[in-house]
Amino acid sequence: MAEQVSADLMSRVVALCKRRGIIFQSSDIYGGINGFWDYGPNGVPLRRSVEQNWWRYMVEDRDNVVGLDSTIICHPEVWRASGHVDQFSDSMTDCLECKKRYRVDQLEKPGVCPSCGSTRMTEPREFNLMMKTYVGPVFDEEHVAYLRAETCQPIFVDFNIVRIATRQKLPFGIAQTGKAFRNEINPRFFTFRSREFMQMEMEFFCRDEEAMDWFEYWRKERWNFYTQVLGIPENKLRLHWHEKLAHYAKAAVDIEFEFPFGWGEIEGIHHRGTWDMSRHCEFSHQEQDCKVYDQDSKESFFPTVIETSCGLDRICLMLLCNGYDEDTAETKKADKDEDTRVVLHLPPKVAPVQVAILPLSKKLEEQARPLLKDLRRYFRTDYDDSGSIGKRYRRQDEIGTPYCVTVDFDSVNDQTVTVRDRDSMSQERMEISKLPAYLMGKI
Ligand code: GAP
């Protein structure tokens, strides 16, 4: 029963996202392409503002973290050095009856097809997740390149250029956001496991003896980002400590969110040791670019790396699942229109529209348009003068607009408007001159 409700909730979130132009499958008119998703007019501002909040929190508000925007395609040696070409693979198996393909570690019962129940499954085969392409006009092995599978590798490669340019000394971090590509065997749960997705990563370079303190520091900082900046309730988040660690790592922990389909990883905080820097040194033979010189001991050493790595699309999905709500009784009382109100309780700072201007009549344009122009300077706004006011509230509730401002015929005389709060549905009459400051305080 619980599973049924959860599956239902997930399909409602997916339906809402398409209906309101938030997220929908890529190439929809061709039947879509598995694992690829487009963000529509109401999805773009959501994703961008989450990214901007992350960038401000991780880079702009700190002296010791700087930014980078590298290319998606790098020298293929980068991915040999990182181990991706040889080892970035999942074990897959095919059902010989229904022809479906699975990741072996995702099978509930080993050797049994979850779809048709058959035990006629192929032997597990390793499948590399790197997306391949060719650079230049010749399509042969010599010209193979890879779309980056994670955004962090160029950070390691550019470490020294960035360090010198910014005159940073250890400890300091380099952050980057951008697209990553993985040829996932089984994309699923809407955008949760996609083949093209956005990552937001920060690699923090420090001395080995300080690394575990920084690991703890960043673990707490990242938890705060979700609870304080994005307002996710603590009881919907948990830490998952990795027991099996890579040989070079000293600690790894995931921050997970309780999605309708179960707990899922949002972010990993990893102690990566000196693995990446030493591998790039070995493959590039550029020791001076991968090491740091210590004035005291007069020796060079590889910095140890603490990584914070999250998926932007997963964070958006978390906000959508966490914010999705349907209420009934309250609706009738407050808006006297339809029975069920679908509402997205998004934090105002990431809502696609923050303030909607709703003139009660098209004749009020002369009053409403200047107000829109004024509020647009500070907020993401929308203007809607079609349909009943109840329907307009519904449309705004569905995309999570925290404040609707109604302009009516009294506004013309007394220069006041009504502000309606998405969550409480309470309405407050207010002087137009006080509106920007009031909304600023709230948003
Ligand atoms: N540099 C480390 C790294 O990439 P990861 O655990 O493979 O670590 C980090 O990925 C984050 O990227 C995950 O916590 C998740 O939020 C996101 N992510 C990974 N694979 C994804 C996929 N197929 N679709 C969407 N997000 C993904």
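The values are calculated or read from the model by the stated rules, or taken from the named source; none is laboratory data. Worth saying up front: this structure is predicted, and the values here are computed from it rather than measured. Neighbour counts are summed over all protein chains in view; Cβ atoms, including those assigned to glycine, are modelled from backbone coordinates with ideal geometry.
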Quick one: which of Val138, Val112 is under 22 Å from Gly262 (Cα atoms) and over 32 Å from the mean Cα position of the chain (by Cα)?
-> Val112
The number of residues in region 123-152 that are outside any helix (DSSP H, G or I) and either free of Cβ contacts under 8 Å to residues at least 40 places away in the same chain or more than 30 Å from Glu307 (Cβ to Cβ) (or both) is 11
Identify the single condition in (1) among the aliphatic types (A, V, I, L, M); (2) crowded, with 18+ Cβ neighbours inside 10 Å; (3) over 25 Å from Ser300 (Cβ atoms); (4) assigned by TED's automatic domain parsing to the domain that holds Glu210 that Ile155 does not satisfy, given that it satisfies every other one.
-> (3)
Select from region 229-239 the residues that are surrounded by fewer than 14 Cβ atoms within 10 Å (Cβ to Cβ) and not in a loop (DSSP other than H, G, I, E, B) and list them in ascending order.
-> Glu234, Asn235, Arg238, Leu239
Out of (1) surrounded by 15 or more Cβ atoms within 10 Å (Cβ to Cβ); (2) among the polar types (S, T, N, Q); (3) modelled with pLDDT of 95 or more, the odd one out for Thr93 is which?
-> (3)
Inspect all residues belonging to region 147-157 and state whether any of them is modelled with pLDDT of 95 or more, near the ligand (Cβ under 9 Å from one of its atoms), within 24 Å of Phe225 (Cα to Cα) and of a type in the set (Ser, Thr, Tyr).
-> yes
List the strands (runs of 3 or more DSSP E) that sit entirely inside region 337-393 and contain at least 1 residues that are of a type in the set (A, V, I, L, M, F, W, C).
-> 341-344, 355-359
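Before we move on, is Glu216 among the acidic types (Asp, Glu) and not in a helix (DSSP H, G or I)?
So Glu216 does not fit the description; no.
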Of the residues in region 123-134, those that are loosely packed, with under 15 Cβ neighbours inside 10 Å and more than 29 Å from the chain's Cα centre (by Cα) come to Glu123, Arg125
Answer yes or no as to whether Arg120 is basic (Lys, Arg), outside the structural domain of Glu196 (by TED's automatic domain parsing) and touching a residue at least 60 places away in the same chain (Cβ under 8 Å).
-> no
Does at least one position in region 188-204 carry a residue that is over 27 Å from Trp37 (Cβ atoms), away from the ligand (no atom under 16 Å from the Cβ) and buried (at least 21 other Cβ atoms within 10 Å of the Cβ)?
-> no
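Is it fair to say Val229 is within 13 Å of the ligand (Cβ to nearest atom) and outside the structural domain of Ser426 (by TED's automatic domain parsing)? It would help to see each step written out before you state the result.
On the way: within 13 Å of the ligand (Cβ to nearest atom): no; outside the structural domain of Ser426 (by TED's automatic domain parsing): yes.
Criteria not met by Val229.
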Which of (1) within 28 Å of Val162 (Cα to Cα); (2) within 14 Å of the ligand (Cβ to nearest atom) does Ile185 not meet, given it meets every other one?
-> (1)
With respect to Glu265, determine if the residue is without any contact (Cβ under 8 Å) to a residue 60 or more places away in the chain and within 13 Å of the ligand (Cβ to nearest atom).
-> yes
Output yes when any residue across region 274-289 is free of Cβ contacts under 8 Å to residues at least 60 places away in the same chain and within 14 Å of the ligand (Cβ to nearest atom), and no when none is.
-> yes
Based on what the data block shows, is Pro114 out of contact with any helix residue (DSSP H, G or I) (no Cβ under 8 Å at 6 or more places or on another chain) and in the same structural domain as Trp55 (by TED's automatic domain parsing)?
-> no
Considering residues of region 13-42 that are in a helix (DSSP H, G or I) and of a type in the set (Lys, Arg) only, the residue nearest to Thr191 (Cα to Cα) | Lys18
